[in-house]
Amino acid sequence: MRSYEELTRLGRLRRMRDLAQSALASYGLSSARFALARCSGNVLYRVYSEGPEEHTRADGLFEPGQYLLRIHWLGYRDKDAVELELEWLTAMRAERDLPVPEPVRTCDGALLVRVSSPDVPDPRYCSLLHWVRGRRIGDRAVAKHYSEQGQLMAKMHDFSQTWTMPERARPRTYDWNGLLREVPALCLPVDDVWSLLPEPYLGPFESVAGQVRQAMETLGDGASTFGMIHADLGVDANLLFWRGRPRAIDFDESGLGYWIYDLAVALEHCREHEDFARNRDALLDSYCELRALPGGQLRYLGLFLAALDVHIGLWANAVACIHPDRKSVRRRAERCLRLVESHLEGCSS
């Protein structure tokens with residue numbers, strides 16, 4: 001039998017099915033059907049069970065009898081970080097009934113299960129979530145969708161501000177180092193990532209990094225500015241809609257960060273759209289109807305958008321250097337540079 005490292009992508013996914021089957025047995029779902037949903041970091045399966053379903057709800061939040069099984073990306077997040085995400089989701093569902101995925105516990109009551117196979121190197125952690133019903137809006141999004149998103153984010157941030165995090169928790173942190181010095185998806189030392197930047201990138205990226213450091217020192221990391229955030233919630237990807245109401249999914253990037261950074265992420269994909277100002281105002285006005293952002297946090301929105309550009313630009317440039325055939329990633333890095341330069345020009349005018 002060929003080693004796992006010698007296999008094609010399809011061959012590795014065939015081996016992963018054994019892990020998925022073992023994981024489902026831990027949840028009492030040995031007979032459930034499952035199909036690959038996506039393989040991008042985590043390996044995701046959509047699971048179909050014919051057993052009794054206790055999550056049939058009037059609001060249709062979950063698809064009855066369907067689940068999302070995640071085989072977590074080896075080396076991307078440690079066990080404690082994944083467990084924190086699952087505990088946070090469980091608390092948001094139980095205490096506020098927020099429209100987010102609800103984790104399923106194993107037959108032994110655990111949120112996370114460790115599975116292994118002789119044909120796959122290293123054990124993997126797996127988790128199971130109820131499948132959230134809804135559709136992505138994408139480029140069809142208009143101001144009302146951003147308004148709905150603002151309301152949901154305000155409720156999530158409000159919950160996070162008062163939630164007591166488990167003492168053992170070790171979340172990913174979007175402070176200055178976490179946002180601008182670490183690129184975990186690459187598994188590269190940070191100095192290597194910065195050294196890969198072409199000369200035109202270095203000055204603008206360093207300038208924004210300096211501004212962000214000053215802003216974070218001003219904002220501090222108290223509960224009024226900093227807490228558990230989704231960190232990847234946008235109408236282009238991880239926000240679903242069902243009958244006009246939003247549902248947040250894919251909390252894989254979640255961690256501790258600034259509320260204003262989470263709002264910046266929500267606007268990243270429509271930065272160059274002609275309706276950007278209208279969408280931005282709809283998001284922020286709706287958010288602030290439910291939850292205030294004290295201390296002038298809103299004035300940093302543009303800066304945190306630029307910080308996100310640097311964060312993405314570091315990743316995209318490094319990937320483009322390692323895999324020069326991925327031209328779309330190089331174009332993404334170039335877009336980040338263009339947006340950073342635009343931010344700096346606006347600051348100087």
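The values are calculated or read from the model by the stated rules, or taken from the named source; none is laboratory data. Just so you know, these numbers come straight off a predicted model, no measurement behind them. Note that we place each Cβ from the backbone using ideal geometry, even for glycine, and neighbour counts take in every protein chain shown.
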Check your understanding: Of all residues in the range 119-142, which are surrounded by fewer than 17 Cβ atoms within 10 Å (Cβ to Cβ), touching a residue at least 24 places away in the same chain (Cβ under 8 Å), of a type outside the set (Lys, Arg) and outside any loop (DSSP other than H, G, I, E, B)?
Key -> Pro121, Asp122, Gly138, Asp139
Study note, to complete from the structure: Counted residues in the range 72-118 being part of a loop (DSSP other than H, G, I, E, B) and hydroxyl-bearing (Ser, Thr, Tyr) come to 2
Exercise for review: Say whether the condition of being among the basic types (Lys, Arg), assigned to a strand (DSSP E or B) and farther than 23 Å from Pro166 by Cβ is met by at least one residue in the range 46-69.
Suggested key: yes
Check your understanding: Which condition breaks for Leu74 when tested against (1) within 29 Å of Gly244 (Cβ to Cβ); (2) modelled with pLDDT under 95?
Key -> (1)
Practice item. Please indicate, with yes or no, whether at least one residue in the range 305-318 is acidic (Asp, Glu) and buried (at least 19 other Cβ atoms within 10 Å of the Cβ). Key: yes
**Study point:** Qualifying position, being under 25 Å from Tyr76 (Cα atoms), in a helix (DSSP H, G or I), in the same structural domain as Val340 (by TED's automatic domain parsing) and within 23 Å of the chain's Cα centre (by Cα), among Gly234, Gly178, Gly227
**Key:** Gly178
Review point. Among the numbered criteria (1) crowded, with 17+ Cβ neighbours inside 10 Å; (2) in contact (Cβ under 8 Å) with a residue 60 or more places away in the chain, which single criterion is violated by Gly295?
Key: (1)
Practice item. Consider Glu289 carefully, then state whether it is assigned to a helix (DSSP H, G or I), touching a residue at least 60 places away in the same chain (Cβ under 8 Å), acidic (Asp, Glu) and not assigned by TED's automatic domain parsing to the domain that holds Leu89. Key: yes
Exercise for review: Could you tell me whether the range 255-278 includes any residue that is buried (at least 20 other Cβ atoms within 10 Å of the Cβ), among the charged types (D, E, K, R) and in contact (Cβ under 8 Å) with a residue 24 or more places away in the chain?
Suggested key: yes
Practice item. Could you tell me whether any residue of the range 323-331 is over 18 Å from Ala231 (Cβ atoms), surrounded by 18 or more Cβ atoms within 10 Å (Cβ to Cβ) and either under 22 Å from the mean Cα position of the chain (by Cα) or modelled with pLDDT of 95 or more (or both)? Key: yes
Practice item. Would you please list the contacts, defined by Cβ atoms under 7 Å and residues six or more apart or on different chains, that run from a residue in the range 190-203 that is at pLDDT 90 or above to a residue that is among the small types (Gly, Ala, Ser)? Key: Tyr201/Gly313
